[in-house]
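Trainee: This is the structure I have questions about; it appears just below.
Where a number appears in this text, it was derived from the coordinates with a stated rule and is not lab data. Predicted model, so just to flag it, every value in this text is computed and none were measured. Don't worry about glycine lacking a Cβ; one is built from the backbone with ideal geometry, like all the others, and counts go over all protein chains shown.
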Amino acid sequence: MSSWGDLVGQAASALVGTLAGGAITVHVARWQMARTIEAQARLAASQEAANAALARNQWTQQRSAEAAQRLLERLATLYAWLPSLPDVALAEPRLSVQARERCASALESIRHGMQTDLLSIANDRVRARFRSLVRLCYDVAWRSIGQENRERQIRDVRGYLRYVQLSLEAVIDGRPIPDDCEPPALERNDSAAWLPPVVPWHWQDPADGS
């Protein structure tokens, strides 16, 4: 009987060990599966967030580029009539009345663009530059600031307008915008026209319309 009892005891011990080992194995497997599922869920959430951020960035870039293109078109019209900018508030323009009216209309167009299209541009530095340009144009056209030097007035505005154009083109192309610089002071002793610190090569090209 003693041998039989020992055999039963050993078998029972082996069974208990097997059951315990199996339970531990199942527990470990479940724990590993839970960790895997959790990791996969985190990865999926992270990927989804990254995709959403990329989509937002692409949408923002596209929206900014489209707005910048519309603003460039407004500026191109003003650029064509800049010589009449100092005439806008004059009863008797130095150039033609028609040119004065076209210039005033173009000036109103960029002011309207500042209140509409400009708000779609994400870069706050570009927005600030465009607003500075509108203020500069109104200082010449309606406030007659710097009127004792008409030709320099026009060249100052032209230089800053083209600087803003370069900034808008950078928004369209997704390139870094030009460095910051202060707009021209219309009332100053210097007779040289205002230029930004870095001037693109094509500014000196007659075909560029300078």
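Trainee: From the Cα gyration tensor of segment 108-210, with a ≥ b ≥ c the square roots of its eigenvalues, which class applies: rounded if a/c is under 1.5, or else prolate if a/b is larger than b/c, or else oblate?
Mentor: Values: a/c = 1.92, a/b = 1.24, b/c = 1.55.
Oblate is the answer for segment 108-210, as a/c is 1.5 or above yet b/c matches or exceeds a/b.
Trainee: So, one more: Once you keep just the Cα pairs under 8 angstrom separated by 6 or more residues, what percentage relative contact order results for segment 103-159?
Mentor: Working: 20 pairs, mean separation 15.1, N = 57.
In percent, rounded to a whole number, it is 26.
Trainee: Thr18 to Ala41: FRET efficiency via 1/(1 + (r/R0)^6), r the Cβ-Cβ distance, R0 45 Å, to the nearest 0.05? Could the numbers behind the result be given before it?
Mentor: Details: r = 34 Å, r/R0 = 0.76.
The pair Thr18/Ala41 has a calculated efficiency of 0.85.
Trainee: So between Asp190 and Gln147, what do we pick up on full extension, going 0.36 nm a residue minus the alpha carbon distance? Provide the component values of the computation, followed by the final result.
Mentor: Numbers: separation 43, 0.36 × 43 = 15.48 nm, distance 1.42 nm.
Answer, rounded to one decimal: 14.1 nm.
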